[in-house]
Structure formats: structure tokens, C-alpha cells
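Trainee: Submitted below is the structure of interest, expressed as C-alpha cells.
The values are calculated or read from the model by the stated rules, or taken from the named source; none is laboratory data. Fair warning: this is a prediction, and the values are worked out from it, not measured in the lab. Counting neighbours? That spans all protein chains shown, and the Cβs are built from the backbone with ideal geometry, glycine included. Note: accessible area is taken over every heavy atom of the protein model, side chains too, but ligands, DNA and RNA are not part of it. Shrake-Rupley method; radii C 1.70, N 1.55, O 1.52, S 1.80 Å.
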Amino acid sequence: MLKSVDVLMVGVGGQGTILASKVLAAAARAAGYDIKVSEIHGMAQRGGSVVTQVRLGEKVYSPLISEGEADVILAFEELEALRWLAYLKPGGTLIINNQQIYPVPVLAGAAEYPQNIIDQIRARGVKVQVLQALDQAIACGNGKAANVVLLGALAQKLPIEEKIWRDALAATVPSRFLEVNNAAFGAGFKS
């Protein structure tokens, strides 16, 4: 019997959240899971919030994850991690990229970006794995592969073989970017 897992991916437009969810969906499907995906990307092209809910299991009926039910939150940016933290179940894991991307109200001077977000989250007793995904992706050859670094870290938490993940990457990522993305996945997988 396949164990059910609910993964919430949160970030901002341009960080590759949607691509990451497509790779996860392809890997889960290849591993025999039933899978449902829901995407919300309002003003994503302008740096707005992007949220993808991915549910996998023996049989999944709804793509939506309720508050307090996510097994893993994969946060591509710190403020999005804080914003969606209520969706993490007790004992769940938050994998967070330590990157900060200021939303429009902060850039316009109408709001302040919260300080010490990771410390605030840890103070709530949440299991947190912090990655410098952008730096790791740059070291692999392209900063845009930070999403795949995070995906590699997620892969360590899921019962899907590494080869299946690599095959899903090859099926999803354009071939000219595959080498960089494979290196990024490996960097995250070792984190």
C-alpha cells in the first residue's frame, strides 16, 4: 500500500514552482501513485505568490490540502514559508530556501519585510531544513535551478527512488538544461 503524502509548494512567480510540481507529479506517477495537483498563480508574472498543492497516495480524490494537513511544505522563499505555515501538520517538515524576494508593497515602501523569519518558524517548534538553494544552483551553473535543488531535498523525504526522479527530470526539463538540473537535484539530494 502506498503511503499518502501531501506536499505544498509555495514561492513567487519566476521561481519554478510549477515546473517543480510537474517533476514531482511525473515521479510520483512513475512510482505508481495516484496524484492530484492544484495550482494557484495569481499575479505570478509580477512576483506574486504561487502555490501548488500536490497530493499523492494509493487513491486521491481531491487536489486540495486543508490547513494543518501538509506533510511537507517546500518553500521557495522565506516570506511564503511564513505565510503558509498554518498548512503544515504537526510533525510535518518545512524545507525552505533562505532567499528573500520582496513583494510589491515592500518595494513600494508601504510594508516591511518581516525580520528573522526562519528563527520565528523554529520558535514554533517546526522541523525546518534550510537550504541556500540559489547559491547551490549558481554553483551548478544556473541560479534558475534553485527549484530543482529544493526538489532534490524533497526527494529525500519521499519513498520514490532517485532513478525515478532523474527520469522525471529528463522527461520534464528541456534537454539543453538537463545537465545543470541533474547537478542541482544532486546538490539538494545530498543536503
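Trainee: Extending each Cα 7 Å along its Cβ direction at Leu178 and Asp119, get the distance between those two points in nm, one decimal.
Mentor: 4.6
Trainee: Using a 1.4 Å probe over the heavy atoms of the protein chains, calculate the carbon and sulfur portion of the accessible area of region 95-191 as a whole percent.
Mentor: Details: 2670 of 5260 Å².
Carbon with sulfur: 51 percent of the solvent-accessible area.
Trainee: So what is the relative contact order of the chain, in percent, for Cα pairs below 8 Å that sit 6 or more residues apart?
Mentor: Relative contact order for the chain comes out at 21 percent.
Trainee: Would you work out which of Tyr87, Val72, Val173 lies farthest towards the positive end of the dipole of the chain, given +1 charges on the beta-carbon of Lys and Arg and -1 on that of Asp and Glu, about the Cα centre?
Mentor: Val173
Trainee: Taking only DSSP H segments of four or more residues, each worth -39500 (n - 2.57), what value at 222 nm results for the chain once the sum is divided by all its residues, to the nearest 500 deg cm²/dmol? Mind showing how you got there, number by number?
Mentor: Numbers: 8 runs with 73 residues, N = 191.
It comes out at -11000 deg cm²/dmol, rounded to the nearest 500.
Trainee: With a 1.4 Å probe and every protein chain left in place, work out the accessible area per residue of the chain in Å², rounded to a whole number. Walk me through the intermediate numbers first.
Mentor: Values: 9320 Å² over 191 residues.
About 49 Å² of surface per residue is accessible.
Trainee: Return the inverse of the average 1/r over all pairs of distinct C-alpha atoms in the chain, which is the Kirkwood hydrodynamic radius, in Å to one decimal.
Mentor: 16.5 Å is the Kirkwood radius here.
Trainee: Can you tally the lysine pairs in the chain where the Cα-Cα distance is under 14 Å and the two residues are eight or more apart, or on different chains? The partial results should precede the final answer.
Mentor: Values: Lys3/Lys59; Lys3/Lys157; Lys22/Lys36; Lys36/Lys59; Lys89/Lys127; Lys127/Lys157; Lys157/Lys190.
Value for the chain: 7.
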